[in-house]
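The values are calculated or read from the model by the stated rules, or taken from the named source; none is laboratory data. What you are looking at is a predicted structure, and each value in this text was computed from that prediction instead of being measured. As a convention, Cβ positions derive from the backbone with ideal geometry for all residues, glycine included, and neighbour counts pool all protein chains shown. Note: accessible area is taken over every heavy atom of the protein model, side chains too, but ligands, DNA and RNA are not part of it. Shrake-Rupley method; radii C 1.70, N 1.55, O 1.52, S 1.80 Å.
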Amino acid sequence: MSDRLTQELIAQWVPRGARVLDLGCGDGALLAYLRDARGCSGYGVEIDDAQVLACLQRGLDVLQLNLEQGLAMFADDSFDMVLQIDTLQHLRNAETMLRETARVGRSAIVAFPNFAHWPNRLRVLAGRMPVTKRLPYQWYDTPNIRVGTFADFEVLARRLGLHIEDAFGLEEGRVVRRWPNLLASTAVFKLTQR
C-alpha cells in the first residue's frame, strides 16, 4: 500500500522533522517520501533481502530484522512516530508488536486490510474466502497470518491503553469516515499513549 495518496495522507499525521521508525518498510517508498517531503529522519525495518537493498538504493537507513523478535534494541520513546503500514497482518503476535510500538514511539500510525469490508462479507457469506485488490491471495498461499477489522482493532487498541487520536478507512483512493468498518478496504489509525 505505497501509492501516492496513502503516502500523502500518512505524511499529514507525521510532524515535520520527526524521527520515524517504519516497521516492515518494504522498499522504503514511504520513508523516502517522509524524508523528502517532510524532512523526517529515522530507520526502516525490513526482513526481505531485496527490499533492504531497495531501501539502501534510496539512501535510507534500514535494519534487517525479524519483527517477531521485538524491538529490544530501541529505548523507550526513541521515535516521534512509528509506522506499521501493512505489517500487522503478517505478525504472529500483533498485540506484542503494538505494545512495543507504543513503547518506542510517542505516536504511531497503523494501517491494514479491513476484513469486514462489504465485498469480503459477501464472499464469506457465499462460503468462500475473499480475493480482492487488498487481499489478492487465495486462502492457501496468503502471506497474511491473520485478518482484522476496523472495529476489532479499535477494541484491541483501547484494551492496550492506546488512545485513538484519529482513524479512517481508505477505499479506491477515497477517505472513508462514515461506516469505515463496512465501506473501506483499508483501516488507518493514529495512536498515542495515554
Exercise for the section: Answer yes if at least one residue in the stretch 72-91 is within 24 Å of Asn144 (Cα to Cα), touching a residue at least 24 places away in the same chain (Cβ under 8 Å) and more than 15 Å from the chain's Cα centre (by Cα), and no otherwise. Expected result: no
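Which one of Val110, Val104 is open to solvent by less than 20 Å² (accessible area, probe 1.4 Å), touching a residue at least 12 places away in the same chain (Cβ under 8 Å) and farther than 26 Å from Lys133 by Cα?
None of the others qualify; the one that does is Val104.
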Practice task
Would you mind finding the one in Arg99, Arg4, Arg35 that is at pLDDT 95 or above and open to solvent by 60 Å² or more (accessible area, probe 1.4 Å)?
Solution key: Arg35
Exercise for the section: Look at the stretch 151-179 and say how many of its residues are more than 14 Å from the chain's Cα centre (by Cα), open to solvent by less than 20 Å² (accessible area, probe 1.4 Å) and touching a residue at least 24 places away in the same chain (Cβ under 8 Å). Expected result: 1
Exercise for the section: For residues that are of a type outside the set (Lys, Arg) and outside any loop (DSSP other than H, G, I, E, B), tally how many sit in the stretch 19-32. Expected result: 8
Problem - Matching option when the condition is among the aromatic types (Phe, Trp, Tyr), in contact with a Gly (Cβ under 8 Å, 6 or more places away or on another chain) and closer than 21 Å to Gln7 by Cβ, among Phe189, Phe150 - result: Phe150
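Look through Arg35, Arg103, Arg16 and report the one residue that is more than 29 Å from Thr142 (Cα to Cα), of a type in the set (Lys, Arg) and assigned to a loop (DSSP other than H, G, I, E, B).
Numbers: Arg35 fails: assigned to a loop (DSSP other than H, G, I, E, B); Arg103 fails: assigned to a loop (DSSP other than H, G, I, E, B).
Checking each option against the conditions leaves just Arg16.
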